[in-house]
Structure formats: C-alpha cells, structure tokens
Amino acid sequence: MFCDGVADLEPSERTRYADLLVLIAAADGELVREEIQVLEGFMGRAMVHPEARTSIRRGLFDTTRLANLLKNAETRTLRYALRDGALVAAADGDYDRRELRILKKIATAAGLSEAELKDLFDWVSSGWEWHANGIHLTKLPAQNDSLSE
C-alpha cells in the first residue's frame, strides 16, 4: 500500500478509522484470513499503536458501536474509512449485506451520494483486477492455486 494522509489524522481519529474498519470486517459474523491481512495492513499504514490495536480488536463483534463512531467524526476520517472499508469488505470475495449497510451509513455521514459509493465499489473491482494481473504477469500462484512448472 502506498502512504497517504490517513497517517496524518489525529491519533483519536486514526483509532476511530481502525475501529470502523474492524466493524466492517466483522459485520458478516466471520473474520477470514484475507480480511485480517487487509485490516492489519491498514492499521499499520495508519500507524495505529500496537497497544491500541489490541484494544480495537476487542471490539470486533460489537456492532452497536457504529453510531458512536460516526458521531462527531471528522469527514476526512470517514472518507478514509469508507475507501479502505470497501477494500476490507471485498477481501473475502464478496460484499455481505451487513458490510454494505455499514458502508452506506459511513458514506451518508461523510456526505457522499449513492452514485459516489457505487464509483467506489467500481474502483475496488478494478483494483482487484489490477492486483490479479500482477500475479499473472509474475507467474505467481493465485491464492489456493499452485504453479506448475
């Protein structure tokens, strides 16, 4: 992942960002390896302190926290969480309706329209295609595949 402004958020906003990503990842009731990898990568990029990560992980299945996290959140934080949350939600291969519901609430709180949210989902799809092409070009095995030589 490339560096961007998420690491420039105030520490409390970076924690809020990570909390929102955790809620999205856990929304469907199961946390798979791909979601954990993406989630941990985003928390690292946001420079969330390891002790804060432990606290954030404790809230994995407490979806009642969404309203509190959205309340008084900075718009920029919500937009970063929306962008990266869409990637977290797609990491396991599809969007669960509960993940979509959280993403829609974040989009609304961030002042984004349904059309802009759709554009974000299209961006995620093109990103997965870009990544898969890189695997193909380097002749690496795709996940759960083996490369025969």
Work out from phi, with θ = phi - 60° and the Karplus expression 6.51 cos²θ - 1.76 cosθ + 1.60, the ³J(HN,Hα) of each residue of the stretch 8-21, listed in order in whole Hz, and give x for Gly and Pro.
8, 5, 4, x, 5, 6, 5, 5, 4, 3, 5, 4, 5, 5
Hits among lysines - C-alpha to C-alpha of LYS105 under 22 Å, sequence gap 8 or more where chains match:
LYS71, LYS118
Here the net charge surrounding GLY127, from other residues whose Cβ is less than 13 Å away from its Cβ (Lys, Arg +1; Asp, Glu -1), is -3
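Contour minus end-to-end for ARG98 and LEU137, with contour as 0.36 nm per residue of separation and end-to-end as the Cα-Cα distance?
On the way: separation 39, 0.36 × 39 = 14.04 nm, distance 3.48 nm.
Taking ARG98 through LEU137 to full extension adds about 10.6 nm, to one decimal.
Suppose a student asked you for the relative contact order of the stretch 5-137, using Cα pairs under 8 Å spaced at least 6 residues apart; what percent would you report?
Values: 131 pairs, mean separation 41.8, N = 133.
Once normalised by length, the contact order is 31 percent.
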Can you sort LEU39, LEU103 from fewest to most other Cβ atoms within 10 Å of each residue's own Cβ?
LEU103, LEU39
Taking 0.36 nm per intervening residue step and subtracting the Cα-Cα distance, what contour gain separates MET47 from THR75 on full extension?
8.2 nm
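Which of rounded, prolate or oblate describes the stretch 5-137 when judged by the alpha-carbon gyration tensor and an a/c cut-off of 1.5?
Numbers: a/c = 1.42, a/b = 1.22, b/c = 1.16.
Since a/c stays below 1.5, the shape of the stretch 5-137 is classed as rounded.
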Rounded to whole Hz and in sequence order, give me ³J(HN,Hα) for the stretch 27-43 from the Karplus expression 6.51 cos²θ - 1.76 cosθ + 1.60, θ = phi - 60°, writing x for Gly and Pro.
4, 7, x, 9, 10, 9, 3, 4, 5, 4, 4, 5, 4, 5, x, 5, 5
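Where a number appears in this text, it was derived from the coordinates with a stated rule and is not lab data. Computed from a prediction, not measured in an experiment: that's the story for all the values here. All Cβ positions, glycine included, derive from the backbone under ideal geometry; neighbour counts span all protein chains shown.
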